[in-house]
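Reviewing the structure listed below.
The values are calculated or read from the model by the stated rules, or taken from the named source; none is laboratory data. All of these numbers come straight from a predicted model, not from anything done at the bench. Glycine also receives a Cβ, built like all others from the backbone with ideal geometry; neighbour counts cover every protein chain displayed. Calculation scope for accessible area: heavy atoms of the full protein, side chains included, ligands and nucleic acids excluded. Shrake-Rupley method; radii C 1.70, N 1.55, O 1.52, S 1.80 Å.
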Amino acid sequence: MNLVLQTLVSTLVQGSMLALITIGMSLVYGTLRVLNMAQGVMVMVGGIAAWTFVAGTGLSPWIAMIFAVIVTFALGMLSYGVGISRLIGRAGVDFEMTAFISTFAIASIVQSVVQLVYGPRQKDFPSLVEGRIQLTDGVSITWQQILTAGIAILALVALGLFLSRSRYGLAIVAVAQNLDAARLMGIPARRAYVLTMGLAAGLAGLAGVLLAPVYFVSPTMGELPMLQALIVAIFAGLGSTKGTIIAAYIIGFVQAAVSIFWSSTYAMPVLYALIVVVLIARPFGIAGKPQEARL
């Protein structure tokens, strides 16, 4: 019974974090048709920005979280302006492939700059809240884990409300559903693009702050989240936001169950095998649709 409860707790925490990171990739692909390979680096930048703020000012990690989201949001918009905007509509250019390579290059450059400035060593980041709750005799959960899952879920709910209720959110959805119709209605597509890149990066930066007390802060802290986000995105179907949330918790459950009942060594191989099976049965993922807007 303890192992089952531990699995459920890990699923909630891991699934929420995976959804928070991957939802940005789904937004970008659904709107721009670009597989954003810089999402993992934005997780790292969020952690680095928060650590820099706390180390430099001595203020609360909560304030550092806000600072990190602002920094990554701005960096996401900048990455669009530098690496993607000039490729849109250019004749003779395979936009999806070129933009994919461009985001990968941005990720490599940012990671190299961070390593040059901060060094390769891991840095401690204080927990946002201390303590733990004893669920049973053999199972406990820290307040940091509860907070991580809670903030991630609140961020996902806020994003859903933004996309369905706000003017700019509805513009993003309209561009994703039908670009030509959105332009005919006077919706500025490029403004929706840059906002989408900023939102995706901001969500990743938030995840970076929540993960910092667990993974420590280093130039490579975004590599594993990026790999896991790719697995979730492929499993869900590229561009499917609803499918991403479902897939995140499924992947979180599989990863937690394999780690607890078998060994953490086999968690990633099992996920790879699961992806192969899904791609054979559903090439567009569990919720993806070919050649259609996914939002």
How many angstrom lie between the Cα centre of segment 11-70 and the Cα centre of segment 105-165?
8 Å
What part of the accessible area of the chain, given as a whole %, is carbon or sulfur when the probe is 1.4 angstrom?
67 percent
Treating the angle as unsigned and between 0 and 90°, give the value, to the nearest 10°, between the Cα long axis of helix 241-261 and the longest Cα principal axis of the chain.
30 degrees
Helix 143-165: inclination vs the chain longest Cα principal axis, degrees, rounded to 10, gives 20 degrees
Karplus ³J(HN,Hα) for segment 178-183 (6.51 cos²θ - 1.76 cosθ + 1.60, θ = phi - 60°; Hz, whole; x = Gly/Pro) runs 7, 5, 5, 5, 5, 5
Taking the highest mean first, how do the peptides 96-107, 266-277, 40-51, 233-244 order by number of other beta carbon atoms within 10 angstrom per residue?
40-51, 233-244, 96-107, 266-277
Mind checking the angle between helix 61-83 and the chain's longest principal axis? C-alpha axes, 0 to 90 degrees, to the nearest 10.
30 degrees
What number comes out for accessible area per residue over segment 167-295 if the probe is 1.4 Å? Units Å², please.
47 Å²
Collect residues whose amide H, placed 1.01 Å from N in the peptide plane, falls under 5 Å from the amide H of THR142; neighbours closer than 5 in sequence don't count.
ILE133
